[in-house]
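Everything below concerns the one structure shown next.
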Amino acid sequence: METKDLFPKATKSLADKRAALAPETMEAWKNFSKAVFTEGALPEKTKQLIAVAVAHVTQCPYCIKSHTKQAMRKGATQEEIMEAIWVASEMRAGAAFAHSIIALDEMGE
């Protein structure tokens, strides 16, 4: 099975349909997203690097593509993007490591 079979290409037509099916929610989502990624205490580039890392943890291919492009537009280098991905990788693996305590406790000390 190819990736395109699992994840259809995000098209304007599908985006328009999504918006038409829930216009108020879509508008609220766009406003929320805009507010989240607006420069504040963190620069926009940093926010996009965080988004790239989180997208890898949540394993959202659409988010990975979108936020990688946005991070580059905000001035992130390929090295910074890859470093953010490595941080995400460590955190995801680290969670499995940390949660081993639950299994160890269940097995009895």
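For the reader, a short list of remarks on this structure follows.
- The order of 67, 99, going from fewest to most other C-beta atoms within 10 Å of their C-beta, is 99, 67.
- Arranged from fewest to most other beta-carbon atoms within 10 Å of their beta carbon, 49, 104 become 104, 49.
- Between region 73-99 and region 32-50, the C-alpha centres lie 17 angstrom from each other.
- In the chain, the calculated helix contribution to ellipticity at 222 nm averages -26000 deg cm²/dmol per residue, counting -39,500 (n - 2.57) for every DSSP H run with n ≥ 4.
- The chain, relative contact order in percent, only Cα pairs under 8 angstrom and at least six apart counted: 21 percent
- Anisotropy class of region 15-109 from Cα gyration tensor, a/c 1.5 cut: oblate
- Least to most buried among 54, 36 (fewest other Cβ within 10 Å first): 36, 54
- A cut-off of 5 Å between modelled amide H atoms, ignoring neighbours fewer than 5 places along the same chain, links residue 76 with no other residue.
Every number in this text was worked out from the coordinates using simple rules, so none of it is lab data. Bear in mind the structure is a predicted one, so any value in this text is a computation, not a measurement. Cβ coordinates were reconstructed from backbone atoms using ideal geometry, including for glycine residues, and neighbour counts include every protein chain displayed.
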